[in-house]
Amino acid sequence: MIVVIGSINMDLVLRVPRIPAAGETLSGSAFHTIPGGKGANQAVACARLGTGSLPAVAMIGCLGDDGFGALLRAALVAEGIDVSRVSTMPGIASGVATIMVDAAGQNSIVIAGGANDLLSPVHIDAAHDLIAQASVVVLQLESPLATVEYAIRLAHQLGKIVVLNPAPAPATPLPAALLAQVDYLIPNEIEAAMLAGCAPDDIAGASAALHAQGCRNVLVTLGAKGVHAALVEGTLVFAAHPVVAVDSTAAGDTFIGGFVAALAAGAPVVEAIALGQRAAAWSVMRHGAQTSIPHRHALTDTGKPS
């Protein structure tokens, strides 16, 4: 089983010709509400990109008792994801993200955490049995850091593979004690630089600094430039698949879902990275968050997105 602990949002997506400057008003071309949230996106990606032999996916998170909450829960159920430990918080709004996507496919995102901000160690304890059954536990930073630390400590103590996507990047470095309990840290290049205190273009330096802080494996996603993987066995660079991107929303989440799905199925790390890249390349050619995440059968056997 894969257990994903994290955020569940409704994405309010507006297509714009470009990201507006401060004080500027632009006319957008389209508006959509799409299920999202980094935690939910990664859970959906794990579910869609698994094989028939892959264990189930379970989600731990919080929703509001509003219309968005009901829709978001139904979307996860439709993917076959176990939502028995997704709590509904009375009197609280569900999380939302307002997303502007420009003509080049780049996005600008503002998040209101809502019920996600109430995910607590109590919820983690209530899901102890699920975590104990997991082979891989996946987390992000759209939930309270204290809860993320608590969940990582529990998963590590139970001998699980821990995957942390440190997004959004925290204002201060993550504790070394936390990083030492993470098996795979998967930031993008900006997040890696912020965590390591390095220049954004010094990927090797950031990876080395994060290794020094206790991370065993650091996979830095570089968008169109591929993936820089600083592994226990050594450093590898994976070129990206050349595609024409229309929307980069959830590309990182899709990569993580593909990587984790393959890892949980027993694939070598190199193969897991390759699947994540294929899936991410497929996703950026489609619009939206969960609407852009492919199923495994949509990817060709040649290693290229279909």
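Odds and ends about this structure:
- Taking the criterion of being under 18 Å from Pro168 (Cβ atoms) and either in a loop (DSSP other than H, G, I, E, B) or of a type in the set (S, T, N, Q) (or both), the only residue of the range 199-211 that qualifies is Pro200.
- Hits in the range 7-31 (condition: surrounded by fewer than 14 Cβ atoms within 10 Å (Cβ to Cβ) and either within 21 Å of the chain's Cα centre (by Cα) or part of a strand (DSSP E or B) (or both)): Ala30, Phe31
- Test: Ala192 is surrounded by fewer than 19 Cβ atoms within 10 Å (Cβ to Cβ), at pLDDT 90 or above and under 21 Å from Glu149 (Cα atoms): no
- Residue check, Val243 farther than 19 Å from Ile34 by Cα and not aromatic (Phe, Trp, Tyr): yes
- Matching residues in the range 278-296 - criterion: being touching a strand residue (DSSP E or B) at 6+ places or on another chain (Cβ under 6 Å) and either modelled with pLDDT of 95 or more or surrounded by 24 or more Cβ atoms within 10 Å (Cβ to Cβ) (or both): Ala289, Gln290
- The listed residue being without any contact (Cβ under 8 Å) to a residue 12 or more places away in the chain and surrounded by fewer than 18 Cβ atoms within 10 Å (Cβ to Cβ), out of Val232, Val270, Val246, Val237: Val237
- Residue in the range 67-91 that is farthest from Phe259 (Cα to Cα), counting only those that are buried (at least 19 other Cβ atoms within 10 Å of the Cβ) and out of contact with any helix residue (DSSP H, G or I) (no Cβ under 8 Å at 6 or more places or on another chain): Phe68
- Selection of the range 268-294 for residues being closer than 24 Å to Asn217 by Cβ, more than 15 Å from the chain's Cα centre (by Cα) and outside any helix (DSSP H, G or I) yields only Pro268.
- Options Pro121, Pro166, Pro173: the member that is surrounded by fewer than 19 Cβ atoms within 10 Å (Cβ to Cβ) and modelled with pLDDT of 95 or more: Pro121
- Residues in the range 191-209 that are more than 19 Å from the chain's Cα centre (by Cα) and over 24 Å from Ala279 (Cα atoms): Ala196, Gly197, Cys198, Ala199, Pro200, Asp201, Asp202, Ala204, Gly205, Ala206, Ala208, Ala209.
- Any pair with Cβ under 7 angstrom, 6 or more apart, that starts in the range 23-42 at a residue that is free of Cβ contacts under 8 Å to residues at least 60 places away in the same chain and over 23 Å from Ile293 (Cβ atoms) and ends at one that is of a type outside the set (Phe, Trp, Tyr) and in a helix (DSSP H, G or I): none
- In the range 246-268, the residues that are of a type in the set (A, V, I, L, M, F, W, C), touching a strand residue (DSSP E or B) at 6+ places or on another chain (Cβ under 9 Å) and farther than 13 Å from Ile186 by Cα: Val246, Ala250, Ala261, Leu263, Ala264
- Inclusion of Gly80 among residues that are within 24 Å of Ile124 (Cβ to Cβ) and assigned to a loop (DSSP other than H, G, I, E, B) is warranted.
- Breaking point among (1) closer than 26 Å to Val110 by Cα; (2) in contact (Cβ under 8 Å) with a residue 40 or more places away in the chain; (3) not hydroxyl-bearing (Ser, Thr, Tyr), for Glu191: (2)
- Total residues in the range 240-255, condition assigned to a loop (DSSP other than H, G, I, E, B), within 16 Å of the chain's Cα centre (by Cα) and aliphatic (A, V, I, L, M): 1
The values are calculated or read from the model by the stated rules, or taken from the named source; none is laboratory data. The model shown is predicted, which means the values in this text are computed figures rather than measured ones. Positions of Cβ are backbone-derived with ideal geometry, glycine not excepted, and every protein chain shown enters the neighbour counts.
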